[in-house]
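We did not get these values from a lab; they are worked out from the coordinates using the rules stated. On a predicted model such as this, the values are computed, not experimentally measured, just so you know. Counting neighbours? That spans all protein chains shown, and the Cβs are built from the backbone with ideal geometry, glycine included.
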Amino acid sequence: MNKQSTLKIFYDYDYEDLIILAEKYNWPKFRVKQLLEWQAKSIQSTSEMTNISKDMRSALEQEMIWPPLKIVKVEHSKAEPVNKYLFELYDGNIIETVSMYYNYGHSVCLTTQVGCKMGCGFCASAKLGFQRNLTAGEMLAQITMIAHTEQSHVSHAVLMGIGEALDNYDHTITFLRRLRSEYGYTMSMRNITLSTCGLVPEIKKLANENLPITLAISLHSADQDTRNILMPIAKHYPIHEIIKAADYYFSKTGRRVTYEYTLFDKINDQPLHAEQLVRLLKGKSIHVNLIPANEVAESIWSRSESSAIEKFLQILRENKINATIRYSAGQDITAACGQLRRQSVMKPLHKSSV
């Protein structure tokens, strides 16, 4: 077996992992705290660790894959405070992450997989297929690198980038726990939103994890046949099962579930579609995000007219459904909802220093 395949990147080492490593090399425990501090500073090589010895740096180079994550390109929106990062992973794969500033804080839309299996026809992220899951450390590194690069504390995270977070369940849960660990990034769980296409078994598992994050379900239609067309994964999870799983999530966490509803011209944006949604959700403690479809070159569906969107919203509100139209930031740099994709498929550029 290739030794590199058994190694982890620096950001995949949590407190317990580093304690074990310290015991292996007989390092004092205060070194563990130093290493965790260096993680927060998003270093790319051991040479940046100025407060540890040369021998210790050499051991770290033998134990881990370096560099863990590399910034290839950053695009800055001219319209708003949004930046899109192109990151290269240690194996040469490419992911995208978006940094956004709002009046409530600094938010990062992060990626959980290289590619996606869900196959939604309106989403650019799935067009090049699925390559692999990201590790918890690779998710964490997206946040720390942006925080370090922009010299700004990231207060909010949305798992809405490339991939289906619940399809990468174990790594996603590990990442979330590290965000609220006393040794981690210390982000409030209430500032985290996880988006899913509606993987029913995983939604139920998530409800029992004691992680009070916001769950956002990509619904896009209250009609099963229409949803099957928009989202192939829908054929595996009927709408009524998704709603039951979401209700269970609310009962366990007390967190109101958000339903994402992207509007396509004449496909799911007519009054009858709004009335179907009302019948499905009325009386529940939920929120509906209406999302005008963003431009994706390969999509066969087009954006709804503004008048249709406003009428749809009016019907929901008249029936006491809590709903808003969500503005998608970063459209001028293809960083908005549904527009992210891997920009290229690259051969490995970096090797471990072992």
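On alpha carbon coordinates alone, what is the Rg over Rh value for region 69-333, Rh being the Kirkwood radius? It would help to have the intermediate numbers written out before the result.
Working: Rg = 17.9 Å, Rh = 18.9 Å.
Radius of gyration over Kirkwood radius for region 69-333 works out to 0.94.
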Query - Inter-label distance for GLN34 and PHE250, nm, one decimal - labels placed 7 Å from Cα along Cα-to-Cβ - result: 5.2 nm
Report summary line: Here, GluC sites (Glu not before Pro) of region 170-209 satisfying both criteria (DSSP loop; at most 11 other Cβ within 10 Å) are GLU182
Query raised in the report: Restricting the count to DSSP beta bridges whose residues both fall in the chain, what percent are antiparallel, rounded to a multiple of 5?
Result: 45 percent
**Report entry** Where N is the number of residues in region 242-327, Cα Rg divided by 2.2 N^0.38 Å
**Finding:** 1.14
Report task. Could you give the DSSP H helices of the chain that reach 24 angstrom or more along their long axis (alpha carbon positions) and whose average Kyte-Doolittle hydropathy is no lower than 0.0? Result -> none
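Which net charge results for the neighbourhood of ASN319, defined as the other residues with beta-carbon distances under 11 angstrom from its beta-carbon, given Lys and Arg at +1 and Asp and Glu at -1? It would help to have the intermediate numbers written out before the result.
On the way: positive: ARG279, LYS282, ARG317, LYS320; negative: GLU275, GLU318.
Every neighbour counted, the sum reads +2.
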Requested in this report: Would you mind getting me the FRET efficiency between SER45 and TYR102? Use the beta-carbon distance for r and R0 = 35 Å, nearest 0.05.
Outcome: 0.60
Report task. Work out how far the C-alpha atoms of region 208-263 reach from end to end along every principal axis, then list the three figures in whole Å, largest first. Result -> 34, 21, 14
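Ratio to report: Rg/Rh of region 37-192, with Cα atoms as the point set and Rh obtained by the Kirkwood method; give two decimals.
0.97
Please list the equivalent ellipsoid semi-axes of region 3-65, computed as the square roots of five times the alpha-carbon gyration tensor eigenvalues, in descending order and whole angstrom. Mind showing how you got there, number by number?
Numbers: eigenvalues 47, 39, 30 Å².
That gives 15, 14, 12 Å for the three semi-axes.
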Query - Pairwise centroid distance, computed over Cα atoms, of region 221-295 with region 4-51, Å - result: 43 Å
Query raised in the report: Which of these, ASN83, ASN168, ASN51, has the largest mean-square fluctuation under a Gaussian network model of the chain (Cα springs below 10 Å)?
Result: ASN51
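Work through the residues other than ILE309 whose Cβ is under 12 Å from its Cβ and net out their charges, Lys, Arg +1 and Asp, Glu -1. If you can, show how the numbers build up before the last one.
Values: positive: ARG303, LYS311, ARG326; negative: ASP265, ASP269, GLU305, GLU310.
Every neighbour counted, the sum reads -1.
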**Report entry** Cα gyration tensor shape for region 120-217, rounded if a/c is under 1.5, else prolate or oblate
**Finding:** oblate
Report summary line: In a Gaussian network model of the chain with springs linking alpha carbons closer than 10 Å, the residue among GLN131, GLN39, GLN142 that fluctuates most is GLN131
